[in-house]
Amino acid sequence: MDSKNLIRFLFFTFIIALLLLLTLTNIPYPLPLSDNSALLDCATNSRRCTIKQPPKPTTRLHTTDLPHHPLDPLTLTELNKVRSILLSHALFSNSNSFAFHSIVLDEPDKTVVLEWSHGDALPPRKASIIARVNGKTHVLTVDITTGVVTPVDVGEHSGYPTMTIEDMTSSTWAPLGNAEFNRTIMARGIDLKDLACLPISLGWFGKKEENRRLIKVQCYSMDGTANFYMRPIEGLTVVLDMDTKQVVEISDKGRNIPIPKAAGTDYRFSAQNTKHNLVNPISIEQPKGPSFVIENEHLVKWANWEFHLKSDPRAGVVISRARVKDPGTGEIRNVMYKGFTSELFVPYMDPTDAWYFKTYMDAGEYGFGLQSMPLDPLNDCPRNAYYMDGVFAAGDGKPYVRENMVCVYESYAGDIGWRHSESPITGMEIREVRPKVTLVVRMAASVANYDYIVDWEFQMDGLIRVKVGLSGILMVKGTSYDNMNQVNQPENLYGTLLSENVVGVIHDHYITFYLDMDVDGPDNSFVKVNLKRETTSPEESPRLSYLKAVRNVAKTEKDAQVKLKLYDPSEYHIVNPSKKTRVGNPTGYKLVPGGTAASLLDLDDPPQKRGAFTNNQIWVTPYNKSEEWAGGLFTYQSHGDDTLAVWSERDRAIENKDIVMWYTLGFHHVPCQEDYPIMPTVSSSFDLKPVNFYDSNPILNIPPHFEKDLPVCNAAASAA
Ligand SMILES: [Cu+2]
């Protein structure tokens with residue numbers, strides 16, 4: 001070998017060694033099982049223990065992203081292509097006034113997705129577009145390969161598409177162009193530079209809200225605080241035409257109400273004068289790396305689970321094709337085809353001029369995904385989290401990246417998977433316990449003042465827990481009262497006096513989930529397992545009464561409209577009638593309801609008509625690709641003519657069919673002083689739990705924790 005070749009050889013050897021080293025230290029999937037007999041020391045096993053700054057989520061450019069799965073969202077490149085196809089289409093090239101309200105993947109038909117398997121060619125990639133052109137709404141499909149644009153007939157419905165981010169931001173500034181508005185603000189003693197305004201969807205209450213896209217704007221003072229929400233300019237409401245940005249009406253009915261004080265409202269850590277450290281630092285260490293892999297950005301594989309995960313501008317997070325491996329047979333079994341947050345309905349309970357219209361639909365009006373902000377590493381998600389970006393289209397069709405929008409991590413909260421210990425009575429020395437480790441998919445949306453945390457938590461025993469956390473800042477009302485001793489009729493406050501001149505107005509939160517369950521295949525039935533009291537006859541038993549489980553299979557949609565009742569309880573099963581367990585039970589999953597709030601509004605109240613999907617807590621509909629949004633495709637200013645309640649009234653057959661279950665998690669929120677100036681998180685959840693899905697406990701043979709297997713961070717390493 002001559003010296004030139006030797007140098008070349010040494011150079012390549014060095015590069016290969018370097019690549020190998022980098023790969024091993026950054027390996028994103030579980031390392032092969034090694035000898036566990038030695039005590040693991042984080043100092044040598046985990047980079048996180050040996051360095052002060054843990055690795056930050058990496059910034060991804062997404063310019064080279066490719067779709068790998070039929071359900072993968074549109075990539076940055078595809079979004080650019082869709083935009084250029086649309087801009088050269090006559091509908092847009094001949095118009096000087098248009099906006100794209102939604103550009104997302106037009107998912108292939110379910111049968112196509114179900115037939116597709118890894119390695120197959122992708123079905124044609126198509127985009128679904130909702131656009132406004134010269135004041136008219138258009139729904140289109142774009143074939144990304146052929147460039148063909150096809151109009152889609154979605155029928156005649158009231159309402160407008162989800163606002164674009166540009167709609168919202170431009171609306172907040174528009175009132176400043178109106179001299180009367182500026183005079184009103186200054187008359188309240190507010191400097192225009194301290195003004196912060198919010199775009200507030202105004203619902204629909206009749207003729208006044210028809211034939212044009214309107215929005216209401218209310219403003220706050222930022223003087224002296226970042227938490228301007230606590231300083232409302234009460235009673236001042238501007239009605240804007242969202243298309244022309246013209247002020248339609250200014251209503252000012254709060255001139256005598258003071259702007260609440262700024263002191264004590266700032267929630268930022270940097271703004272706190274005293275800081276209380278109540279606990280020592282805590283973290284989960286995974287020296288061997290996580291136990292999950294995310295293939296091609298979207299296919300999550302963890303323990304016995306596999307599912308497709310993507311972000312969506314309207315729904316936030318979408319879980320698709322959730323399948324679980326049967327530990328008995330090794331078979332990969334279908335559980336859920338698709339699950340996501342379909343709508344959030346938040347009606348406020350104050351009928352006065354500046355408040356009656358506050359009846360938000362956060363997904364359909366604002367875009368739950370559009371409002372999902374980047375997660376804060378270490379605090380929103382633990383140190384061992386993996387982050388996923390959202391790639392969305394702006395109002396002009398240009399793609400943008402919402403970084404770290406979703407996180408995925410394994411959670412060990414010290415909970416127990418199963419346990420049993422024998423008492424001394426039996427003389428048997430048995431203590432068997434299995435720890436519960438779960439996989440969490442999390443997003444957090446900040447819809448202006450309010451924050452929603454949505455978790456999809458997968459357990460090894462087959463259970464899926466969907467949890468919604470509420471935090472953020474209350475929407476408050478200014479009042480002239482500064483103490484309850486001035487209030488004669490507290491119920492006329494419409495809420496709780498939280499601080500001097502601040503009322504937290506009572507409201508509800510309803511989060512409606514779309515759950516296309518496919519238990520062991522698409523054709524399923526919904527069974528109400530009703531617990532009924534049976535009474536005994538004299539002499540039959542010393543007991544007078546007992547409970548029987550009576551199974552009622554829902555034949556049509558109306559059989560599956562469920563209002564939860566504590567004294568007439570049922571279990572709610574989705575079963576596959578043609579798939580039986582070893583002993584002959586139909587395989588199934590059950591919905592275990594969580595939050596118990598139900599809407600008490602009058603069914604004819606316009607907000608409740610629009611939010612009629614909350615009239616029942618559970619609904620079951622036959623699968624229909626066009627029925628995904630519980631408040632209708634066009635929720636903004638809708639009249640309630642395209643809701644889940646309307647579809648369900650058709651009373652279609654649902655027995656042994658491809659069915660979709662809808663569940664609404666509800667919260668009544670009577671604010672309290674602890675919610676001021678920012679709310680400690682309140683959570684509620686529901687479960688999708690296997691019920692006769694497995695032949696026996698699927699986590700019977702998982703191992704317990706042993707000290708020798710667990711990572712140890714020694715003091716020297718931690719302090720390094
Ligand atoms: Cu609330």
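Order these by the 10 Å Cβ neighbour count, fewest first: 672, 407.
Sorted ascending by nearby Cβ count, the order is 672, 407.
In the stretch 459-489, which residues have a backbone nitrogen under 20 Å from the label point lying 7 Å from residue 695's Cα in the Cα-to-Cβ direction?
Counting backbone N atoms under 20 Å from the label point, the list is 461-463.
Taking R0 as 22 Å, what FRET efficiency do you get between residue 169 and residue 88 from their Cβ-Cβ distance, rounded to the nearest 0.05?
Given R0 = 22 Å and the Cβ-Cβ separation, E is 0.20.
In units of 2.2 N^0.38 Å, what is the alpha-carbon radius of gyration of the stretch 76-151?
Here the Cα radius of gyration is 1.21 times the empirical estimate.
Over the chain, what is the relative contact order in percent, taking alpha-carbon pairs closer than 8 angstrom and at least six residues apart?
15 percent
Can you list which of the GluC sites (Glu not before Pro) found in the stretch 502-554 are DSSP loop residues with at most 15 other C-beta atoms within 10 Å?
Details: sites: 534, 539, 540; in loops: 539, 540.
Qualifying residues, ordered by number: 539, 540.
For the stretch 525-615, I need the span (max minus min coordinate) of the C-alpha atoms along each principal axis, in Å, sorted largest to smallest.
Principal-axis extents of the Cα atoms in the stretch 525-615, largest first: 56, 37, 23 Å.
May I ask you to derive the relative contact order of the stretch 76-151, considering only C-alpha pairs under 8 Å and at least 6 residues apart, and to give it as an integer percent?
Worked out over the stretch 76-151, it gives 31 percent.
Using the Cα atoms of the stretch 162-288 to build a convex hull, what is its mean projected area in square nanometres? It would help to have the intermediate numbers written out before the result.
Numbers: hull surface 51.9 nm².
Across all orientations, the stretch 162-288 yields a mean hull projection of 13.0 nm².
Could you tell me the calculated FRET efficiency between residue 110 and residue 145, based on Cβ-Cβ distance and R0 = 22 angstrom, to the nearest 0.05?
Here the calculated transfer efficiency is 0.55.
Residues in the stretch 195-239, backbone N under 12 Å from the label point at residue 250 (7 Å along the Cα-to-beta-carbon vector): list them, ranges by number please.
236-239
How large is the charge dipole for the chain, taken about the Cα centre, if only the Cβ atoms of Lys, Arg (+1) and Asp, Glu (-1) carry charge, to the nearest 20 debye?
800 debye
So what are the three principal axis dimensions of the stretch 574-720 from its Cα atoms, in whole Å, longest to shortest?
Principal axes ranked by extent give 65, 56, 25 Å for the Cα atoms.
What residues have an amide H closer than 5 Å to that of residue 105, excluding those fewer than 5 places away on the same chain, when H is modeled at 1.01 Å from N in the peptide plane?
74, 128
Work out the charge dipole of the chain with +1 on the Cβ of Lys and Arg and -1 on the Cβ of Asp and Glu about the Cα centre, then indicate which of 581, 620, 327 is farthest towards its positive end.
Towards the positive end, the residue furthest out is 327.
Could you work out [θ]222 nm for the chain from helices alone, using -39500 (n - 2.57) per DSSP H run of at least four and dividing by all its residues? Round to the nearest 500 deg cm²/dmol. Show your work: numbers first, answer last.
Working: 11 runs with 87 residues, N = 720.
My calculation for the chain gives -3000 deg cm²/dmol from helical runs alone.
Express in nm, to one decimal, how much length is gained between residue 64 and residue 117 on full extension, taking 0.36 nm for each residue of separation and deducting their alpha carbon distance.
Net length gain for the segment: 16.8 nm.
Using only the alpha-carbon atoms, what does the stretch 249-386 span along each of its principal axes? Please give whole angstrom values in decreasing order.
Each principal axis gives a Cα extent; for the stretch 249-386 these are 72, 41, 25 Å.
What distance in nm separates the two pseudo spin-label positions at residue 583 and residue 624, each 7 Å out from Cα along the beta-carbon direction?
Output for this residue pair reads 4.0 nm.
Please label the shape of the chain as rounded, prolate or oblate, based on the square roots a ≥ b ≥ c of the eigenvalues of the alpha-carbon gyration tensor (a/c under 1.5 means rounded; beyond that, a/b larger than b/c means prolate, else oblate).
Judged from the Cα gyration tensor, the chain comes out rounded (a/c under 1.5).
How far is it, in nm, from the label point at residue 463 to the one at residue 272 when both lie 7 Å from their Cα along the line to the Cβ?
That separation, rounded to one decimal, is 3.2 nm.
Please identify which residues in the stretch 672-701 have an amide N closer than 15 Å to a label point set 7 Å out from the Cα of residue 261, following the Cα→Cβ vector.
677
Count neighbours as other Cβ atoms within 10 Å of each site's Cβ, and list the GluC sites (Glu not before Pro) in the stretch 420-513 that are DSSP loop with at most 13 such neighbours.
When the GluC sites (Glu not before Pro) of the stretch 420-513 are filtered for loop state and at most 13 Cβ neighbours within 10 Å, 422, 429 remain.
Can you tell me the FRET efficiency between residue 602 and residue 685 if r is taken as the Cβ-Cβ distance and R0 is 30 Å, rounded to the nearest 0.05?
So the FRET efficiency works out to roughly 0.55.
If you wrap the stretch 528-576's Cα atoms in a convex hull and average its projection over all directions, what's the area in nm²?
With the hull built on Cα positions only, its mean projection is 4.6 nm².
If each of residue 293 and residue 532 carries a label point 7 Å out from its Cα toward its Cβ, how far apart are those two points in nm?
Between residue 293 and residue 532, the simple spin-label model gives 5.2 nm.
Have a look at 466, 274, 370 and report the one farthest towards the positive end of the charge dipole of the chain, computed about the Cα centre with Cβ charges (Lys/Arg +1, Asp/Glu -1).
274
So how far, in whole Å, is the C-alpha centre of the stretch 389-426 from the one of the stretch 471-506?
Each part's Cα centre sits 36 Å from the other's.
Would you grab the residues whose amide H sits under 5 Å from the one on residue 405? Only those 5+ places off in sequence or on another chain, please, with H modelled 1.01 Å from N.
375, 388, 389, 390
So what is Rg over Rh here for the stretch 340-435, counting just Cα atoms and using Kirkwood for Rh?
1.27
No lab work stands behind these numbers, since they all come straight from the coordinates. Everything quoted here is computed from the prediction, not taken from an experiment. Positions of Cβ are generated from backbone atoms using ideal geometry, with glycine treated the same way; all protein chains shown enter the neighbour counts.
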